[in-house]
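What follows is a set of notes on a single structure, which appears directly below.
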Protein chains: 4
Amino acid sequence: MLEELKQEVYEANMMLPKLGIVTFTWGNVSGLDRDKGLFVIKPSGVEYEKLRPEDMVVVDLDGNVVEGTMNPSSDTQTHRVLYREFSGINAIVHTHSSWAVSFAQAGVEIEAMGTTHADNFYGTIPVTEALTQAEIESAYEENTGQVIVRTFRSRGIDPAAVPAVLVKQHGPFTWGATTKKAVENAKVLDLVAEMNYRTMTLQRGNTRVPQYLLDKHYLRKHGANAYYGQNA
Amino acid sequence: MLEELKQEVYEANMMLPKLGIVTFTWGNVSGLDRDKGLFVIKPSGVEYEKLRPEDMVVVDLDGNVVEGTMNPSSDTQTHRVLYREFSGINAIVHTHSSWAVSFAQAGVEIEAMGTTHADNFYGTIPVTEALTQAEIESAYEENTGQVIVRTFRSRGIDPAAVPAVLVKQHGPFTWGATTKKAVENAKVLDLVAEMNYRTMTLQRGNTRVPQYLLDKHYLRKHGANAYYGQNA
Amino acid sequence: MLEELKQEVYEANMMLPKLGIVTFTWGNVSGLDRDKGLFVIKPSGVEYEKLRPEDMVVVDLDGNVVEGTMNPSSDTQTHRVLYREFSGINAIVHTHSSWAVSFAQAGVEIEAMGTTHADNFYGTIPVTEALTQAEIESAYEENTGQVIVRTFRSRGIDPAAVPAVLVKQHGPFTWGATTKKAVENAKVLDLVAEMNYRTMTLQRGNTRVPQYLLDKHYLRKHGANAYYGQNA
Amino acid sequence: MLEELKQEVYEANMMLPKLGIVTFTWGNVSGLDRDKGLFVIKPSGVEYEKLRPEDMVVVDLDGNVVEGTMNPSSDTQTHRVLYREFSGINAIVHTHSSWAVSFAQAGVEIEAMGTTHADNFYGTIPVTEALTQAEIESAYEENTGQVIVRTFRSRGIDPAAVPAVLVKQHGPFTWGATTKKAVENAKVLDLVAEMNYRTMTLQRGNTRVPQYLLDKHYLRKHGANAYYGQNA
């Protein structure tokens, strides 16, 4: 079942240690077959060195395991909520990459301070509100998804244009149209956090770029008039 | 004698350079056979590249070398005290990993600022008092163990729930039920120190997580109701 | 056409990931054959692992593609302007290396604070003005070249002596007489930015070196009286 | 001539990139045969990948090249002065390692803030005065050696107990009884600089360790009563 997607999700998971954004087992990638309403996700707590494509778990959009002998990632319910609520996305990545987590712990947003950001994210990467005690004590992982959705809705942010969030006191989630793109976004998020940290400690004033720079760089890589790369 | 434990302790020692938390010979792992009252520890000052399983030294809980031709780690008496006083632990790790040492030198505790911490440590990782001149000049390594024990007792911290400490002006010790877990704790400690450093320099206000978040994350990975991983 | 230069430019591009100053496809090196008035540049958005010497694109100094089936780097017009305006240079490098970008985002120049800088750059590495909305919305990449040229002309900086610039809110461009030298300058720029960051956060006062130190170190490596290395 | 020492000095030089404390060709190690009054040093500006034992240059203590076809390191005169003035040392290392250079640029000493320092350096690692214009313009490299010697003499520091210095606006020199020890000191210096940077930015107050801690840790590894390692 979904053997091709399992292979793809397996390979995307294996990119995380290769890109230096995961320690031990603390990361997971899932990929969605939107037609079938099923997604494939890494099993919980398995070491990357021992992971095999056939270990991937198939889950439906109600959160039920449909195939697989292992427990799915403990963050499965968060993925499920995001797939249901963000209609354009087919892959999700969660890591504890160190720069992104540092901003999530500090509750500091990742503002666009340069073209590296603008090439990849069309605006500020938001930090969610902290979950309440009630939200944590019951259906915690689902509520993590809900607070992400609420953050984007209440602030009018398009998850296709800003495919990343920092969950307060926790860490980053990123997504994309493909597993490859979602993993790239996880790496870029950590890099722009690193650059912003140094920018902000060098220069305490406003270092946000103007909207027209954001437009130029984002739109030369994305959308109808993109001219970056070979497929533009 | 204890050949299996020697192999295990050897392998755990070799993980330290692989995880990037040791420089030159500055780290040591020991493992305890509590039934026999003996522990196995790395010899003092031997380069990791030259280390062999048969070089491990067997020591009893009075601190006497029972088997082995090499001098045991200079920190052997610290390990001995911790094994005697912390009844639930079977492995100890000491390193000079750079983020943890930086906090130990600054005398700044590692507060729980996010779920990475809460997944692994059930509360603040304390810094000991500095040893007095008398404690340093006589039975120094034993007194290092004693100040750790005193720190946990006086503050009512359970060493099974917070398996890590920073010895002021020195560096980290971690422990666990197994050598593997103790080594993991040494790596996680360094990572949370790194993340806290950046969190604290981004945001000078209070960034400690609430108790209910600590409960949720720690208890979803540890204890009777854990549901993270495959054995939960 | 220009097969030797293509091979050289290919190899110079492959140095960027090896030196740790590029992520994904975010960097490009070009090399100029000044006699023929043609330069060779990396294609846009191609992964380094898949890049081949024959993928390099040949462009003339009016910015027209003369040979090659792929789109040239999106920064081609910036390279073109620099080749036209800076007569002594035969190679250009652009990266998003993290320390240099942090300074470009902060708008903080790289002052000469020590001999590492003085060995390679004969004075302050400037930051350009931010491009205006009009400059960004039309002929953006060409205007990026123009703002670099304007920065050097208006401040009387010799691009042969200071072969590096930070484009505000964007990142570094470096150049040189050879592709090898231009790539080295890209790496050194990132290193001096890293060192300056720490110098400036340790010591907020003036840490710029005097002119005579700059003279000594720069001139012992460059020019008629150089005595560093084997060819001096 | 001195083939064994050439091999040893070659291997010591090759340790610098392996330990991550050198970029490009910016480092050099020399070793002295004190009986013969000759030292062996790396040639100037040769890439580590191309370096061979037979490339090492033999120099006498008046600074004359005695054997070798290549130019010796441009820092040869600095090494010569240190060998003449510091009688107990047989090897010298110079690098531009990034943490040590940052402190040298800032003019901030490396105080002993913990046992990592105390294990290796018996007190503060000093920063020299900046060289004057006259000292830089004539016999610069020799004057670099002289300012190091003056720093140790005027402050009563024993170069055998503190085998490291930061030359202001330049970078570190370390030394030792053997090439291996001098290279180790270069690595430890960079590590303690890194740790001190973070300690100092976490905790602006006094974080220097007391003399009795310095005594304990330094003397358990060095001198007649040392008990660390296998030869103690």
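Hey, any idea what Rg/Rh is for chain C, computing Rh the Kirkwood way over Cα pairs?
Reported Rg/Rh, Kirkwood definition of Rh: 0.96.
For the range B:1-70, relative contact order (Cα pairs under 8 Å, six or more residues apart, normalised by length) works out to 30 percent. Here is the list for the range B:173-232: trypsin sites (Lys or Arg not before Pro) lying in DSSP coil, each with at most 12 other C-beta atoms within 10 angstrom of its C-beta, are B:ARG204. When you filter the GluC sites (Glu not before Pro) in the range A:1-75 for DSSP loop state and at most 14 other Cβ atoms inside 10 Å of their Cβ, you are left with A:GLU47. Residues of the range D:73-94 falling in the label zone of D:ALA177, defined by backbone nitrogen less than 13 Å from a point 7 Å along Cα to beta-carbon, are D:88-91. Computed over the range A:1-88, the Cα gyration tensor eigenvalues convert (square root of 5λ each) into semi-axes of 20, 14, 12 Å, ordered from largest to smallest. Once backbone amide H atoms are built at 1.01 Å from N, C:ASN71 has C:SER44 as its partners under 5 Å, excluding neighbours fewer than 5 places away on the same chain.
What the pair-distance distribution of the range C:36-155 shows, using all Cα-Cα distances binned every 10 Å from zero, is 12, 36, 36, 16, 1 percent. Take every pair of alpha-carbon atoms less than 8 Å apart whose residues are at least six positions apart; their mean separation over the length of chain D yields a relative contact order of 21 percent.
The equivalent ellipsoid of the range A:1-51 has semi-axes of 21, 10, 9 Å, largest first, where each one is the square root of 5 times an eigenvalue of the Cα gyration tensor. About its Cα centre, the dipole of chain A is roughly 900 debye, where the only charges are +1 on Lys and Arg Cβ and -1 on Asp and Glu Cβ. When C:ASP75, B:ASP35, B:ASP55, B:ASP158 are sorted by how many other C-beta atoms sit within 10 angstrom of their C-beta, beginning with the fewest, the order is B:ASP35, B:ASP158, B:ASP55, C:ASP75. Diffusion coefficient (Stokes-Einstein, Kirkwood radius over C-alpha pairs, 20 °C, 1.002 mPa s) for the range D:39-91: 187 µm²/s, rounded to a whole number.
Close amide H partners of D:ILE110, meaning residues 5 or more places away or on another chain with modelled amide H under 5 Å apart, are D:ILE125.
Summarised in one figure, the compactness ratio Rg/Rh of the protein assembly as shown, Cα atoms and Kirkwood Rh, is 0.97. Nearest beta carbon of chain A to the A-to-C rotation axis, with distance in whole angstrom: A:THR201, 5. With the charge dipole of the range C:103-160 set up from +1 on Lys and Arg Cβ and -1 on Asp and Glu Cβ about the Cα centre, the Cα lying farthest toward the positive end among the listed residues C:MET113, C:VAL149, C:ALA139 is that of C:MET113.
Taking a sphere under 14 Å around the Cβ of A:VAL149 and counting the other residues whose Cβ falls inside, with K and R at +1 and D and E at -1, yields a net charge of -1. Mean residue ellipticity, 222 nm, helices only, chain A: the sum of -39500 (n - 2.57) across DSSP H runs of n ≥ 4, divided by residue count and rounded to 500, is -13000 deg cm²/dmol.
Taking only the alpha carbons of the range C:122-210, we obtain Rg and Dmax values of 14.4, 42 Å in that order.
If we count other beta carbons within 10 Å of each Cβ, what is the order of B:VAL66, C:VAL101, A:VAL188, fewest first? Show your work: numbers first, answer last.
Details: B:VAL66 16, C:VAL101 32, A:VAL188 21.
Going from sparsest to densest Cβ surroundings: B:VAL66, A:VAL188, C:VAL101.
Dipole magnitude for the protein assembly as shown: about 1800 debye, using +1 per Lys or Arg Cβ and -1 per Asp or Glu Cβ, origin at the Cα centre. Which of the trypsin sites (Lys or Arg not before Pro) found in the range C:75-150 are in a DSSP loop and have at most 16 neighbouring Cβ atoms, other than their own, within 10 Å? Sparse-neighbourhood loop trypsin sites (Lys or Arg not before Pro): none present.
Lys/Arg Cβ at +1, Asp/Glu Cβ at -1, dipole of the protein assembly as shown taken about the Cα centre: which of C:GLY31, C:ALA161, D:ALA182 is farthest positive-ward? Of the options given, the answer is C:ALA161.
Annotation for the range C:68-136 versus the range A:181-220: alpha-carbon center distance of 18 Å. Going from the fewest other Cβ atoms within 10 Å to the most, the residues B:LEU19, A:LEU5 appear in the order B:LEU19, A:LEU5. Between B:ALA134 and B:GLU3, the modelled label-to-label distance comes to 4.9 nm, taking each label 7 Å out from Cα in the direction of the beta carbon. Converting phi to 3J(HN,Hα) with the Karplus coefficients 6.51, -1.76 and 1.60 and the offset θ = phi - 60°, the range C:101-115 yields 4, 4, 5, 5, 5, 7, x, 10, 5, 9, 6, 6, 10, x, 6 Hz in sequence order, with x at every glycine or proline.
Could you list which residues have their amide H under 5 Å from that of C:VAL66, counting only those 5 or more apart in sequence or on another chain, with H placed in the peptide plane? Hits under the 5 Å cutoff: C:VAL58, C:VAL59, C:ASP60. Note that the range A:39-54 has calculated 3J(HN,Hα) couplings of 10, 10, 9, 4, x, 6, x, 8, 5, 4, 5, 9, 5, 10, x, 6 Hz, one per residue in order, obtained from phi through the Karplus relation 6.51 cos²θ - 1.76 cosθ + 1.60 (θ = phi - 60°); glycine and proline are x.
Can you give the convex hull volume of the alpha carbon atoms of the range B:168-227 per residue, in Å³? Expressed per residue, the convex hull around the Cα atoms of the range B:168-227 is 126 Å³.
DSSP bridge analysis restricted to the range B:74-192 gives an antiparallel fraction near 90%, rounded to the nearest 5.
Since every read-out is calculated from the coordinates, none of them should be taken as a lab result. Worth saying up front: this structure is predicted, and the values here are computed from it rather than measured. For neighbour counting, all protein chains shown are included, and Cβ atoms are generated from backbone atoms with ideal geometry for every residue, glycine included.
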